[in-house]
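A quick write-up on the structure given underneath.
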């Protein structure tokens, strides 16, 4: 019975990779976005796709986005992140929200629309960029691309963006 279940799992995995045109062995690039709390006060960070909100004490950072595009798409850029952030099935746009420790919404950056032109959060020069070779680079050519955004008091003092 176990062999049959294992065989079905292998067949379904192979079929899903073929349907979605994915190669589980195709080399990728690891891209990650982090936010760091440089406000001096405890914050709560959430995105549309987080399982739950995360507490962020002053000086700490947390990952808010991870994406592993295939190498055949080329080297990921800062804007690759925003190109892949679309509406979910309910029409809700991707966002990053910052709340106080007691749950008061302080800032909500909504991806898309006019607000992306003016907000420091959406400008590449506001992020620190790091790149490194991933483990097994000699074999796979995989690299890690990391961007870090420092949340400042000025960022959360500007309030919540209007829905685009």
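Any read-out appearing in this document is the output of simple, stated calculations on the displayed coordinates, not a laboratory observation. Remember, it's a predicted structure, so these values are computed and weren't measured experimentally. Ideal geometry is used to build each Cβ from the backbone, glycine not excepted, and the neighbour counts take in all protein chains shown.
Given the peptides 117-130, 32-45, arrange them by the average over their residues of other C-beta atoms within 10 Å, most packed first.
Result, highest mean Cβ count within 10 Å first: 32-45, 117-130.
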### Message
Taking the beta-carbon count within 10 Å as an exposure proxy, list 150, 155, 49 from fewest neighbours to most.
### Response
49, 150, 155
#### Entry: Packing-based ranking, highest mean first, of 96-109, 67-80 given that Cβ atoms within 10 Å are counted
96-109, 67-80
